[in-house]
Number of protein chains: 2
Amino acid sequence: MNRKYLSNHTENDRTEIRLAGEGGQGMILAGVILAEAAAVYDGQNAVQTQSYGPEARGGASKAEVVISAQQIHYPEVISADVLVALSQEACDRYASNLKKGGLLIVDRDQVGRIPVNSAIRAPIMALAESVTGRAITANVVALGLLVGLTGVVSRQSIEAAVSARAPKGTESINLAALAAGFDEARRILSRN
Amino acid sequence: MNRKYLSNHTENDRTEIRLAGEGGQGMILAGVILAEAAAVYDGQNAVQTQSYGPEARGGASKAEVVISAQQIHYPEVISADVLVALSQEACDRYASNLKKGGLLIVDRDQVGRIPVNSAIRAPIMALAESVTGRAITANVVALGLLVGLTGVVSRQSIEAAVSARAPKGTESINLAALAAGFDEARRILSRN
């Protein structure tokens, strides 16, 4: 795991990840893919949760993934090691719950105000559109970026999980989206 | 809610549902659909969870949904009010965790041994194949059956959630699968 971007990580080898955006951005599918990468392909334990309260009626969408080599006793995110926010509302709502030293990844064009000290601002949706022609693959670009920056699962495992979960016929564009996320992570790491 | 099939239901209006089968049977998508029906369309609160341990590597698949009119303090199933089991392994693994008086729904052709006193044995996969020509819609047949027997969400809400979550182009066959599940529930209720 790249400790640069998970500097305070963490008691008990427990990594808490929150993926948040608007409905239709595929955050839940991204959460399922990440959890399956960790558990089915990487041999870790994972719990993936959606909590729906009143905000669900407003169109917000959020998925949580907890990954650990150990048994996971509490399934929900307590304070996130990583937050991916694809909308300003998602960023506003969840940034304050990041752990000290946690990693905030936002879409450069969707999120203007960053309410914490540091964040990775990446053209997630723009990359999705330019690489695959489909904005809906932004969720998978975000997964590539997240895994490339943190190493929370192996690249091989996230590729296998994307292939298994991508809607039939979209495997190759989703793998291209994932690769674009990894490329962006490498660019970010090389300039820091 | 039809109390006949949720007789011991339940403290705090909390309903705990577990959907279990093999990988590829769409249990996770069924869980997401049910949770969204409850929260987005029915105005309740819902939490939907996948826990992946070693059994995930064996191809088992399980989704949990907790639904409540109140805030949900603990997101995982403690003891299930309802278990849907589409495979023998799923039935063997989770039947003992049913609440006293809880509802067990199994696929008639996949599950031969029932380790508890009573269960609804329904031709879930056979209905999926005969009504839609696609076994993969068994997950949505199961949802229709579950909601028809329990009333845990409204029919209108589960229809809306199925429409919203069905892969593009498959909305109508998934709504047909859902209706087949409701029809089967009506048959079961009328003969008891």
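The values are calculated or read from the model by the stated rules, or taken from the named source; none is laboratory data. Since the model is a prediction, treat every value here as computed from it, not as a measurement. Counting neighbours? That spans all protein chains shown, and the Cβs are built from the backbone with ideal geometry, glycine included. Protein only, heavy atoms only, side chains kept; ligands, DNA and RNA dropped before computing areas. Shrake-Rupley method; radii C 1.70, N 1.55, O 1.52, S 1.80 Å.
Here are a few things to note about the model shown:
- The number of residues in segment A:16-40 that are more than 17 Å from A:Gly181 (Cβ to Cβ), open to solvent by 20 Å² or more (accessible area, probe 1.4 Å) and not in a helix (DSSP H, G or I) comes to 3.
- Taking the numbered list (1) more than 9 Å from chain A (Cβ to nearest Cβ); (2) surrounded by 21 or more Cβ atoms within 10 Å (Cβ to Cβ) in turn, B:Arg93 passes all entries but (2).
- When residues of segment A:54-94 are limited to those that are outside any loop (DSSP other than H, G, I, E, B) and hydroxyl-bearing (Ser, Thr, Tyr), the one modelled with the lowest pLDDT: A:Ser61
- If the condition is being assigned to a helix (DSSP H, G or I), without any contact (Cβ under 8 Å) to a residue 40 or more places away in the chain and open to solvent by 20 Å² or more (accessible area, probe 1.4 Å), then segment B:156-178 contributes B:Glu159, B:Ser163, B:Glu171, B:Ser172, B:Leu175.
- Residues located in segment A:43-53, provided they are buried (at least 20 other Cβ atoms within 10 Å of the Cβ) and not β-branched (Val, Ile, Thr): A:Gln44, A:Asn45, A:Ala46, A:Gln48, A:Gln50, A:Ser51, A:Tyr52
- A:Val131 crowded, with 23+ Cβ neighbours inside 10 Å, closer than 18 Å to A:Ala30 by Cβ and either touching a His at 6+ places or on another chain (Cβ under 8 Å) or modelled with pLDDT of 95 or more (or both): no
- Within segment B:37-53, the set of residues being closer than 16 Å to B:Leu146 by Cβ and at the interface with chain A (Cβ under 7 Å from one of its Cβ atoms) comprises B:Ala46, B:Gln48.
- In segment B:54-88, of all residues being touching a residue at least 40 places away in the same chain (Cβ under 8 Å) and open to solvent by 20 Å² or more (accessible area, probe 1.4 Å), the one that is farthest from the other protein chains (Cβ to nearest Cβ) corresponds to B:Ser79.
- Candidate set: segment A:179-188, residues that are out of contact with any Leu (no Cβ under 9 Å at 6 or more places or on another chain) and farther than 15 Å from A:Ala138 by Cβ; chosen: the one least open to solvent (accessible area, probe 1.4 Å): A:Arg187
- Filter pass, B:Val111 being within 14 Å of chain A (Cβ to nearest Cβ), part of a loop (DSSP other than H, G, I, E, B) and crowded, with 21+ Cβ neighbours inside 10 Å: no
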